[in-house]
Amino acid sequence: MTLSKRSYALVNGLNMYYEIHGEGQPLVLLHGALSAIGTSFSKVLPQLSSTRQVIAVEQQAHGHTADIDRPLTYEQMADDTAALLQQLGFEKADLFGWSMGAGIALQIAIRHPEVVRKLVLASVTYNRNGFYPELLAGLETSKPEDLAGSPFQEEYERSAPKPQEWPRLFAKVNQLDHEVQDWPPEVIQSIKAPTLLIIGDSDVVRPEHTVELFRLLGGGVAGDLVGLPRAQLAVLPDTTHVTLVDRADWLVSMITQFLLRTF
């Protein structure tokens, strides 16, 4: 893996950190909540950047990107990412998002469809019913200390401009999870970009929900009769929400084949 560039760009009042690796067609990596480039993509980035130009970004208050005086919203993070791509000169790119990052990618496809070529969405929901109820119930009692010593907290300690603001980030993510928008089915159906959906078989996202999303995006048809759709679905066995991004060989193989396929 060759690191081409590590820098910051001022977008929408945010000094946004990004890295560029490799050469080829652009692929944007969008990390999960309370995570950053390392904990989300360290296992897959070397292989993906061997054939693609990978642009890995860190959202507001995450990783190297400092927080500013505004809440975290999917809409704003989508706008920030689209503005970054425009500033860097990328007219169109493929997007690979995990968890919160998949929600950001979905919002970019809705709000800025002109910049999206293909979508890879891992562990994504389009409404609150996509999560298991016990996860939503756990948000009510969760606190920053719950993740003390975790890879997420340790990465934040290493990279954040103000490591003491971990509780502030935790609170903002908790608010984001509480206020997540339900996107109407017709909005999802309006997405034209070919999409690969990925979940773990023991994810925090309900498999029934992912199948609903798959159908809204045009999947769930008899391909032998009507042809293969623009949406694909992969369920990784023996895989949780957190361990999904560790399945490097599976992910790289599926993502590479999907991005190369002509639709």
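The values are calculated or read from the model by the stated rules, or taken from the named source; none is laboratory data. All values derive from a computational prediction rather than experimental measurement. For neighbour counting, all protein chains shown are included, and Cβ atoms are generated from backbone atoms with ideal geometry for every residue, glycine included.
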(request) Might you let me know whether region 107-118 holds any residue that is surrounded by 16 or more Cβ atoms within 10 Å (Cβ to Cβ) and assigned to a loop (DSSP other than H, G, I, E, B)? (result) yes
(request) Identify the single condition in (1) within 25 Å of V54 (Cα to Cα); (2) assigned to a loop (DSSP other than H, G, I, E, B); (3) among the aromatic types (F, W, Y) that W183 does not satisfy, given that it satisfies every other one. (result) (1)
(message) Anything in region 1-58 that is surrounded by fewer than 16 Cβ atoms within 10 Å (Cβ to Cβ) and part of a strand (DSSP E or B)? List them, or say none.
(response) L3, S4, K5, R6, S7, Y8, L10, N15
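Determine, yes or no, whether F90 is crowded, with 22+ Cβ neighbours inside 10 Å and in contact with a strand residue (DSSP E or B) (Cβ under 6 Å, 6 or more places away or on another chain). Outline the logic, then answer.
Values: crowded, with 22+ Cβ neighbours inside 10 Å: no; in contact with a strand residue (DSSP E or B) (Cβ under 6 Å, 6 or more places away or on another chain): yes.
Spelling it out, it is not the case that F90 is crowded, with 22+ Cβ neighbours inside 10 Å and in contact with a strand residue (DSSP E or B) (Cβ under 6 Å, 6 or more places away or on another chain).
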(request) Considering each of L121, L176 in turn, give the residue that is in contact (Cβ under 8 Å) with a residue 24 or more places away in the chain, surrounded by 14 or more Cβ atoms within 10 Å (Cβ to Cβ), in a strand (DSSP E or B) and not acidic (D, E). (result) L121
(request) Return the pairs, sorted by first residue and then second, in which the second residue is aromatic (F, W, Y) and surrounded by fewer than 21 Cβ atoms within 10 Å (Cβ to Cβ), the first residue lies in region 69-86 and is in a loop (DSSP other than H, G, I, E, B) and modelled with pLDDT under 95, the beta carbons are less than 9 Å apart, and the residues are 6+ apart or on different chains. (result) none
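Could you say which residue among A193, A234 is at pLDDT 95 or above, under 17 Å from the mean Cα position of the chain (by Cα), under 30 Å from E114 (Cβ atoms) and part of a loop (DSSP other than H, G, I, E, B)?
Values: A234 fails: part of a loop (DSSP other than H, G, I, E, B).
So the residue among A193, A234 that is at pLDDT 95 or above, under 17 Å from the mean Cα position of the chain (by Cα), under 30 Å from E114 (Cβ atoms) and part of a loop (DSSP other than H, G, I, E, B) is A193.
For region 199-217, check the following and say yes or no: at least one residue is assigned to a helix (DSSP H, G or I), in contact with a strand residue (DSSP E or B) (Cβ under 6 Å, 6 or more places away or on another chain) and either in contact (Cβ under 8 Å) with a residue 40 or more places away in the chain or β-branched (V, I, T) (or both). Talk me through it step by step, then tell me what you get.
Initially, region 199-217 is screened for residues assigned to a helix (DSSP H, G or I), giving 207-216.
If we keep only those that are in contact with a strand residue (DSSP E or B) (Cβ under 6 Å, 6 or more places away or on another chain) as well, we get 210, 214.
Then keep just the ones that are either in contact (Cβ under 8 Å) with a residue 40 or more places away in the chain or β-branched (V, I, T) (or both); that gives 210.
Yes; the residues of region 199-217 include at least one that is assigned to a helix (DSSP H, G or I), in contact with a strand residue (DSSP E or B) (Cβ under 6 Å, 6 or more places away or on another chain) and either in contact (Cβ under 8 Å) with a residue 40 or more places away in the chain or β-branched (V, I, T) (or both).
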(request) Output the residue which, of all residues in region 237-260 that are of a type in the set (V, I, T) and assigned to a helix (DSSP H, G or I), is surrounded by the fewest Cβ atoms within 10 Å (Cβ to Cβ). (result) T243
(message) Of everything in region 132-162, what is surrounded by fewer than 11 Cβ atoms within 10 Å (Cβ to Cβ) and outside any helix (DSSP H, G or I)? Give them in sequence order.
(response) E140, T141, A148, G149
